[in-house]
Structure formats: C-alpha cells, structure tokens
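Undergrad: One structure, pasted below without further comment.
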There are 2 protein chains.
Amino acid sequence: MLDAAVRTFGQRGYMAASMDEIAELAGVSKPLVYLYLNSKEDLFTACIRREAKALTEAVRAGARPDLPADRQLWSGLTAFFTHTARNPDGWAVLHLQARTHGEVFAAEVAEVRTEIVAFVTQLILAAAREAHRDPDLREREVAGLAEALVGAAESLADWANTTPGVTARQSAATLMNFAWMGLGDLMAGRHWTPPDESDEPAGTDGGGPHGAGVTAAQAGRTSPVR
Amino acid sequence: MLDAAVRTFGQRGYMAASMDEIAELAGVSKPLVYLYLNSKEDLFTACIRREAKALTEAVRAGARPDLPADRQLWSGLTAFFTHTARNPDGWAVLHLQARTHGEVFAAEVAEVRTEIVAFVTQLILAAAREAHRDPDLREREVAGLAEALVGAAESLADWANTTPGVTARQSAATLMNFAWMGLGDLMAGRHWTPPDESDEPAGTDGGGPHGAGVTAAQAGRTSPVR
C-alpha cells in the first residue's frame, strides 16, 4: 500500500493525489486504506518516513570507511544517485512534496537532512584528519562544507531525475568533479576519473535509456592521484 | 507594507502570520491591506516576487564579467551571501516558506531558480571557453555543475542564517573553497584565499556579531594562482 502511495504522491503531487487512486493502485478498498492509516496526512507521513529511512540506509551502506577519502566520496555519491534514480517517486516525495505542503511534513524531512549533514561532516573530518595530522580545517568550516555538499547533491538529484538520459553514474561523476576537483581544476582541464566499472558493485548505473557510465570528457583519462 | 509582510512571513511562517499582525507592523488598518492586496495569498505572492527580484538583481550586479573566472565567482558568491545575510526574512520567504505552502508558490520560486541556474551555466561556459579554446566541458555537464553550485549556495545560505556568527564573507569563502578548489585540494591543505578586503566593495560582511572576514585557516595565506 505504501508503494502505491509513494508512487501516487510522487507522480501526481500531494494535493492532487486521492485516496481513491491510491486504494485502486494498491488493489485494496478505500475503507481498508483508512483502517490502516487514519488520513491522507498520516499516509503521507508514513511515506516520508519510509523513503527517508531507505535513502539514509542506501547512503550509509555506500560509504566504505576502508577506502581512501576520494573513493569513499565516490562510493557514497554513487549510492545516493543510484538510489534517487531508481526511486524517483520516493525522491520527489522527500525533496519536493514533503517540503511543499506544510510545516509538519517539512519538519520530518528537515530532521533526516540534519542527520545526513552530521554524517557527511564526520566523513570529511575523518578524511581531513587522515590527510594531515594537524588538521587546519576547523569544525565550523567542515560543517559548512558538508552543507554545501548535501545541497549540491539534492539539487543534482532533482536535475538528473527530470533530465532525460542522465545516469546515476554521470551525476556522481559531475558532483565528484565539482566537489573533489573543484571548478579551478576543471577549467584547467583536470578531471576526476571514476574507477573502472568492474571495481564497482553491480548495477550502479541509473538504468536510464542512455546508460553510458562516463561522459566523453572523462573517458580514457587516468585518475589524478592526489 | 511589503516590508512588514516579508518580515512577518519570514519570521513567523506563512501559516502563523496573520493579516492583523502585518497591518499593525505596517502601521495601517487591516481593510487597507485588503484593499491593496486581495488576500493573504496575493500578499504572499507579491512578497515572493519582490524578494526574488531583489536577490537576482543583487547576484547579477555582483557578477563582474571583466574579472578572471575565480574572482568573478568570488564576487558573485559574496554578493549572494551578503544579500541573504542582510535579508534573512526575504531569504526565508523565498527558500523556505514559498516551497512549503503549496504548488502555486513553489512554482513562483522554481521559475526564478531556473533563471539563476541558466545564468550560472552561461558564466561557467564563458569561463571554460576562456580557459581553453577547445572546451572539453560539454554543455550538459556544465548544466549539472551549475545545478550543483546553486544547490550548494542555497544550502549554505540557510545554514549561515541559522548559525550565529557566520558572516557573508565566511560563507562565500567556504563555498569558494568547496566549488573552486575542491575537497581534494582542501585535504592537501591548499585553500583559496579571498582577495584583500580593501579590494572589495564596502560592506560585504554580513554584519554578524563576530565580523571577522576570513577564517583562521585562511588568514595569511597567499592566493594559489592556477
């Protein structure tokens, strides 16, 4: 039933979605929907919580603390964009619908977002500590970097899910180039190159119609080890 | 009257804000508010449009096409964060309230955001063309980079406006380090250093209680020219 609800809320929007439609898609009667979940509000809240949990679990599973910092970031980003590409309705519920229909729903996703920012902050701090024993990135600055990274990822996920032919791997590569290499390096023609697909867990591609894993600009370059 | 409305909507939220309160703050009678603007919805829409216009004008005025790409980005970011720090209620209306209270308001800000992303895309393309005559950044990848940059800036502005003591200059420096240098350089201890304050137009600081313009980590470094 939640599958049907996420699909309906994600595709039609919270306002336009009707309980009739959700019941029909779920193959159950409308009274049964109300029996399990009191109201449209409760059903929507249940959708937000389920999708938030699935997303944070996917990102946490993708972060691999055994890898060097750039590969950790790459695997976390790939997990994030793979999840949002495979669950576009869930992402629309979380990032668009939940923030557009009142403060109660917005507060639900704000809490999850705070958790994700804290998680990313710890990853960046750990990587900075590893890179130089006397870290000169102060905690507050790292918190700002984590906010920037999360905001960039959210924005790119919206864009990827509404732009035909952008794969999860392409989105991850774009953000990796942006966040790890920086525009300064990109302007000078220096790119970050994703590791071979054979190194990756199977199926990290978004499965879009044009499933090429890397962009032309990145193909055939060697990875600049820093 | 719009000043009073933006302040009330920004600080109390769209739902909690009352027309009585806005009229009182504006020093006019409630019938007069309704005479000028039909309804709370119309008043809120007028606030969104005014704040969107002010923000885009501030960013466009900050972008200085005569400067090298990194200084252009720096001046644009400084203009953006200075504007959002000085107009926290306007920013809350645009980025929080307008997206939280229904699809009509959300569509208003989505349109402005699309414009800003297009503007940033053109800036990045121009900088890339300047940097190397045969640009290997494809238009689609640049569109992705622009989405990432805008998302990062939005996220940082929310954070700066809710974190005591973060100045506009600090936010701009954090995003400059993130977006221009990249985490890879930061991990290796390489930072982007803002130009001397004396080079800047007056008053680019957010005016927070701890108005130090640069973070400790950046003070006294020379700018890595790339």
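Here, each number is a calculation from the coordinates, and none is a lab measurement. Here the structure is a predicted model, which is why all the values come from computation and not from measurement. No Cβ is skipped: glycine too gets one built from the backbone with ideal geometry, and neighbour counts run over all protein chains shown.
Undergrad: Taking the Cα atoms of region B:1-107, what is the range of coordinates along each of the three principal axes, in descending order and whole Å?
TA: 53, 29, 20
Undergrad: Taking each label point as 7 Å beyond Cα in the direction of the beta carbon, state the distances from B:GLU111 to the same residue in the other copies, shortest first, in nm.
TA: Copy-to-copy label distances at B:GLU111, shortest first: 3.6 nm.
Undergrad: Continuing with this model, one more query. Determine which chain B residue has its Cβ at minimum distance from the rotation axis mapping B onto A, giving the value in whole Å.
TA: Closest to the rotation axis on chain B: B:GLY182, 1.
Undergrad: I'd like the Karplus ³J(HN,Hα) series for region A:120-130: coefficients 6.51, -1.76, 1.60, θ = phi - 60°, whole numbers in Hz, and an x wherever there's a Gly or Pro.
TA: Coupling constants for region A:120-130: 5, 4, 5, 4, 5, 4, 5, 5, 5, 4, 5 Hz.
Undergrad: Let me ask something else about it. Quick one: label points 7 angstrom along Cα→Cβ at A:GLU57, distances to the other copies in nm, smallest first?
TA: Here the equivalent label points are 5.1 nm apart from this one.
Undergrad: Where the label is 7 Å out from Cα toward Cβ, how close does A:LYS30 come to the same position in every other copy, in nm, shortest first?
TA: Ordered by distance, the counterparts are at 3.7 nm.
Undergrad: Calculate I(q)/I(0) for region B:49-188 by the Debye formula, one identical point scatterer on each C-alpha and no solvent, and give its log10 at q = 0.17 Å⁻¹ to two decimals.
TA: -0.97
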